[in-house]
Structure formats: C-alpha cells, structure tokens
Amino acid sequence: MNSDAVNILAVDDTPDNLLILESLLSDVEGYSIHCVEDGEKALSFIAQQPPDLILLDVMMPGLNGYEVTQRIREDKTLPYIPILLVTAHDSSSLSKGLDSGADDFIRKPYDINELMARVRSLLRLKHSLDEQTLMIRQRDDFVARLTHDLRTPLNAIIGFADVLH
C-alpha cells in the first residue's frame, strides 16, 4: 500500500452498498478503501488505523451511524476525521447527523458526481486542518527552542548583573 494513499473507511451493513462504494472509490488513484459491516467493527478499525475519511451508513443494526459518529467525536485521542453520513431513508435527520458530529450528509441513491465532489471536499478540509495542526506544532516547537536557547545567556547576564550590583 502506498504511504501517500488516502485511506477511506466505508461502513454499511449491506454488502452491495459497500461493493458499490469500493468500486467507485478504488478507481481513483491514491484512494485506498477499507470496508466494514457494522459500527463496532468500524470503531475497532478506527482505533487501530484512523482513516482520512469515513463514509458511514446511518441505519445499521447495533450501533447506528449517529452513535458511531458521537463515539468518534468523543474520543480525543483520535485525529480529526471527516465523516460523511450516507442513508437511503427519507426519515434520517440531517440536523441529527450534523449535531452528532458528522461533516456532511448524502442520500442514496446518490449521484456519483455529487458523492465524489463531497469526498474531495472533505479530504481538502482534512488536508487543511492537518496542515494547520502541523504549523501549530512547529510554532510551539520553535518557541520552546527559542526560550530554551535564550535562557542560558540571559541567566549569565543576570548573574553578572547581580555580581556587579
């Protein structure tokens, strides 16, 4: 597997839906698709290998998509992972999905171009946030090194000033 590959996790209790998502997304160069059938398996996969994007079915037995989304967002050890909720039901609530922590929502049957555009959009968001996190980490490291490097000469100056005083 290419280390630069974008890792996408597709979660759906219907194997045909996973097959469709896998065939659509695996055709895109640089995308690596992983499929699981339920919320528990998704959480286990995410804990071991956080993906870059999650396509998550809303209506599943056991943990539904809203509950999986909430658990992911509550886990502060995980990096930010964009979540695209996918549903075939008209009764699924967009507001409930977004309130649970999802980033976007799409209904089945989806337009392939719309799905691909939403995937690209969420991956751009992830990339931007990862870059921002890296810049903050580099800034903090720079400030820590700067204060450490200045501390020694300043302590010497303060010591000499105390002797002169």
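The values are calculated or read from the model by the stated rules, or taken from the named source; none is laboratory data. Small disclaimer: the values here were computed from a predicted structure and weren't measured. Here the Cβ is made from the backbone with ideal geometry for all residues, glycine too, and neighbour counts use every protein chain on show. For the accessible areas, the whole protein counts, side chains as well, though only heavy atoms, and no ligand, DNA or RNA atoms are used. Shrake-Rupley method; radii C 1.70, N 1.55, O 1.52, S 1.80 Å.
Table for the structure above
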read-out: Percent accessible area from carbon and sulfur atoms, the range 77-134, protein chains only, probe 1.4 Å; value: 53 percent
read-out: Contact order relative to length of the range 14-99, as percent, for alpha carbon pairs under 8 angstrom and 6 or more apart; value: 26 percent
read-out: 14 Å tail of the calculated P(r), the range 84-165, as % of Cα pairs; value: 76 percent
read-out: Most fluctuating residue given options Ala88, Ala144, Ala47, as computed from a GNM of the chain linking Cα atoms under 10 Å; value: Ala144
read-out: Packing rank of 7-20, 119-132, where each peptide gets the mean count of other beta carbons within 10 Å, highest leading; value: 7-20, 119-132
read-out: Net +/- balance of residues flanking Ile81 in space, Cβ distance below 11 Å, scoring K and R +1, D and E -1; value: -2
read-out: Cubic angstrom per residue, convex hull over Cα atoms of the chain; value: 150 Å³
read-out: Most to least packed among 156-163, 79-86 [average Cβ atoms within 10 Å]; value: 79-86, 156-163
read-out: Nearest-ten-degree value, helix 65-74 long axis tilted from longest Cα axis of the chain; value: 10 degrees
read-out: Neighbourhood charge, 13 Å Cβ-Cβ cut-off, centred on Ala144 and excluding it, Lys, Arg +1 and Asp, Glu -1; value: +1
read-out: Between 0 and 90°, nearest 10: helix 39-48 axis offset from the chain longest Cα axis; value: 30 degrees
read-out: Filtered trypsin sites (Lys or Arg not before Pro), the range 52-107: DSSP coil and at most 16 other beta carbons within 10 Å; value: Lys76
read-out: Computed over the range 3-84, Cα set: Rg, Dmax in Å; value: 12.0, 34
read-out: Accessible surface, the chain, averaged per residue in Å² (probe 1.4 Å); value: 62 Å²
read-out: Of Phe105, Phe45, Phe142, the one that fluctuates the most in a GNM where the chain has Cα springs shorter than 10 Å; value: Phe142
read-out: CD proxy at 222 nm, helix term only [per DSSP H run n ≥ 4: -39500 (n - 2.57); per residue of the chain; nearest 500]; value: -19000 deg cm²/dmol
read-out: Listed residues Ile33, Ile136, Ile72, most fluctuating in the chain (Gaussian network, C-alpha, under 10 Å); value: Ile136
read-out: Cα-based helix-to-principal-axis angle, 15-26 vs the chain, degrees rounded to 10; value: 50 degrees
read-out: Relative contact order (percent, whole number), the chain, Cα cutoff 8 Å, 6+ residue spacing; value: 17 percent
read-out: Long-range Cα-Cα pairs in the range 36-109 (distance over 21 Å), rounded percent; value: 16 percent
